[in-house]
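Peer 1: Attaching a single structure in structure tokens format; questions to follow.
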Amino acid sequence: MAYLYLKALHVIFVVCWFAGLFYIVRLFVYYVEANAKPQPEQDILKKQYRIMTNRLWNIITWPAAILTLIFGISLFVVNPYLLQQPWMHVKLLFVVFLIAYHLKCHQFVKQINNNTLTKTSSFFRIWNEGATIILFSVVFLVFLKNAFNWIFGVVGLLGLAILLMIGIKLYKQIRQRKGNE
């Protein structure tokens, strides 16, 4: 029974962690786009987004990440058999990718606080897809419990992402052409 409680808590904090990661990148987009606003609107928006970013990052995202890892490790303590499963090895690789993604987002938060963020909103819109790919991969791994079948789901997701990006680029080009006419 303890295993099920630990698993439930692990999943709850995974959801909170991903919610924080998805929203923090949206705040990065808004922060960058505030640079295009006239004064004093730009300063007001950037100050507000900085406050929102720090609250989300320090009160929700970091604690959720830490608790996710604590409850995840506790699952291995209660059920060490999990570490013998090949799919779990692949999942743990994606957890390493997720931690790296999280730490890179932390650098962006620091850059916002130092007013040195130089990335574009387009960069952050694409950056946000990294967490999506990790999430899809981990969910497929956990449910299929197969180290190889998840690849088909991720390849399909990547294909969809590529099609969406092509569509966005085409739409942007059409808008630019209409604006030049």
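The values are calculated or read from the model by the stated rules, or taken from the named source; none is laboratory data. Source: prediction; values computed, not measured. No Cβ is skipped: glycine too gets one built from the backbone with ideal geometry, and neighbour counts run over all protein chains shown. Heavy atoms of the whole protein, side chains included, go into the accessibility calculation; ligands, DNA and RNA do not. Shrake-Rupley method; radii C 1.70, N 1.55, O 1.52, S 1.80 Å.
Peer 1: From the list A19, A65, which residue is over 22 Å from R125 (Cβ atoms), open to solvent by less than 60 Å² (accessible area, probe 1.4 Å), small (G, A, S) and assigned to a helix (DSSP H, G or I)?
Peer 2: Unique residue meeting the criteria: A65.
Peer 1: Restricting attention to the stretch 158-179, which residues are over 26 Å from L135 (Cβ atoms) and either surrounded by fewer than 11 Cβ atoms within 10 Å (Cβ to Cβ) or among the polar types (S, T, N, Q) (or both)?
Peer 2: L170, Q173, I174, R175, Q176, R177, K178, G179
Peer 1: Go through the stretch 98-140 and give me each residue that's more than 30 Å from A34 (Cβ to Cβ) and either assigned to a loop (DSSP other than H, G, I, E, B) or in contact (Cβ under 8 Å) with a residue 24 or more places away in the chain (or both). I'd like the intermediate steps shown before the answer.
Peer 2: Within the stretch 98-140, the first condition is being more than 30 Å from A34 (Cβ to Cβ), and the residues that meet it are 136-140.
Across the stretch 98-140, the qualifying residues are S137, V138.
Peer 1: Sticking with this one: For the structure I just gave you, tell me whether I126 is closer than 23 Å to M165 by Cα and open to solvent by 90 Å² or more (accessible area, probe 1.4 Å).
Peer 2: Criteria met by I126.
Peer 1: Considering only the stretch 91-113, state which residues are of a type outside the set (K, R) and open to solvent by 30 Å² or more (accessible area, probe 1.4 Å).
Peer 2: L92, L93, V95, V96, F97, I99, A100, L103, H106, Q107, Q111, N113
Peer 1: Please count how many residues of the stretch 31-59 are in contact with a Ser or Thr (Cβ under 8 Å, 6 or more places away or on another chain) and open to solvent by 60 Å² or more (accessible area, probe 1.4 Å).
Peer 2: Qualifying residue count for the region: 1.
Peer 1: Right, A36: outside any helix (DSSP H, G or I) and either modelled with pLDDT under 95 or under 17 Å from A131 (Cβ atoms) (or both) or not?
Peer 2: Judged against the criteria, A36 is a match.
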